[in-house]
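Below is one structure, written out as structure tokens, with a few remarks after it.
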Amino acid sequence: MELEEQKGGNLFLSLDNLLEILGNPTRRIILSKLAKVPLGASELAASFGKKISRQAIHSQLKMLSDYGIIESYGNDPRNIKYRIKSNLSLRINITPDYYNINYNVSKVDINRENLELRNTGCHIAYQKIKSTNQKFRFIGEKIKEIEQKTSILEKKRNALLHNKECFIIEVKNLMAEQYDESLKTKEQPNLEKEIFYTLFYNPARYFKRINIDKLLDDMFFSEMGPIRRDMTKVNIRHLLRDLTSMMDFLREDEDDWFFDI
């Protein structure tokens, strides 16, 4: 498994690596615990009882640390603690006519200034509260408000995704009505359709200019070796040229392709 270098020189996990890490139940439990309370390796091992050895816990912690998901802190080597380092957001949407994975990493600075209460907009009201119990109630209410607003946004998001799927179904109907016969004469008609639908799944990603490398990634050719990937890229370029001959909103200009919807 390898790390990907992003803009700014930061190293982040690839989506496949993240899914592999989260696919391990022990690592998921460790992350769940560390998200609540910083713990040392011995404390984590004790929480698992005899199900997993301390050596195995160390191995899992090392992997999570190497990939920048957790960090260790403390000056005493006998009392090193671990905590979550990065905020990971992963969404997977799968329906009969739509497939999308959205993966984001927002790096948390070591000084954690971006997580201070003053950035929430309610720190002045909070500072006026004298009782500790009242402060707990205030924070609880704010968290509850956020959960309620998040739930509303999630419902709106689901409704929008439903509408998007309806439009994609209509795109497929138009494709079948207008271009099925033409594509049947091609060597790889399904691949041409896959290219076309990939553009419509995320038009904001390809609007105006089509990035061939991004297109290959979204079509899951990212794990190919460099030679096979280059060969596939050439093939994709030929298929894009075939599609532009049929559709006036897809065009080629000096070996670049443009998606003007």
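The values are calculated or read from the model by the stated rules, or taken from the named source; none is laboratory data. The structure presented is a predicted model; accordingly, all values stated were derived computationally and were not measured. A quick note on method: Cβ atoms are made from the backbone with ideal geometry, for glycine too, and the neighbour counts reach across all protein chains shown.
Things worth noting here:
- Candidates K186, K172, K155, K164, filtered to the one that is surrounded by fewer than 11 Cβ atoms within 10 Å (Cβ to Cβ) and out of contact with any Leu (no Cβ under 7 Å at 6 or more places or on another chain): K155
- Only one of the listed residues (I195, I169) is part of a helix (DSSP H, G or I) and farther than 19 Å from M246 by Cα. That residue is I169.
- Taken over region 202-211, the criterion of being surrounded by fewer than 17 Cβ atoms within 10 Å (Cβ to Cβ) and of a type outside the set (S, T, N, Q) is satisfied by P203, A204, R205, F207, K208, R209.
- Selected residue (criterion: modelled with the highest pLDDT) from residues of region 102-142 that are loosely packed, with under 13 Cβ neighbours inside 10 Å and within 30 Å of P203 (Cβ to Cβ): N102
- Qualifying residue in region 180-192 (condition: of a type in the set (A, V, I, L, M), under 23 Å from Y99 (Cα atoms) and in a loop (DSSP other than H, G, I, E, B)): no
- M224, sole failed condition from (1) more than 18 Å from F249 (Cβ to Cβ); (2) aliphatic (A, V, I, L, M); (3) in a helix (DSSP H, G or I): (3)
- Leading residue by the ranking (surrounded by the most Cβ atoms within 10 Å (Cβ to Cβ)) among those in region 10-53 that are within 25 Å of N79 (Cα to Cα) and among the charged types (D, E, K, R): R27
- Residue check, K193 free of Cβ contacts under 8 Å to residues at least 60 places away in the same chain, more than 21 Å from N93 (Cβ to Cβ) and either in contact with a helix residue (DSSP H, G or I) (Cβ under 8 Å, 6 or more places away or on another chain) or in the same structural domain as L15 (by TED's automatic domain parsing) (or both): no
- Residue list for region 231-259, restricted to those being surrounded by 11 or more Cβ atoms within 10 Å (Cβ to Cβ), among the charged types (D, E, K, R) and more than 20 Å from T185 (Cα to Cα): K233, R251, E252, D256
- Residues satisfying the stated conditions in region 68-88, i.e. at pLDDT 85 or above, within 14 Å of R27 (Cα to Cα) and assigned to a loop (DSSP other than H, G, I, E, B): I69
- Figure legend. Inter-residue proximity from region 222-235: first residues outside the structural domain of S14 (by TED's automatic domain parsing) and closer than 20 Å to W257 by Cβ, second residues surrounded by 11 or more Cβ atoms within 10 Å (Cβ to Cβ) and among the aliphatic types (A, V, I, L, M), beta-carbon distance below 6 Å, spacing 6+ or different chains. Indicated pairs: K233/I212.
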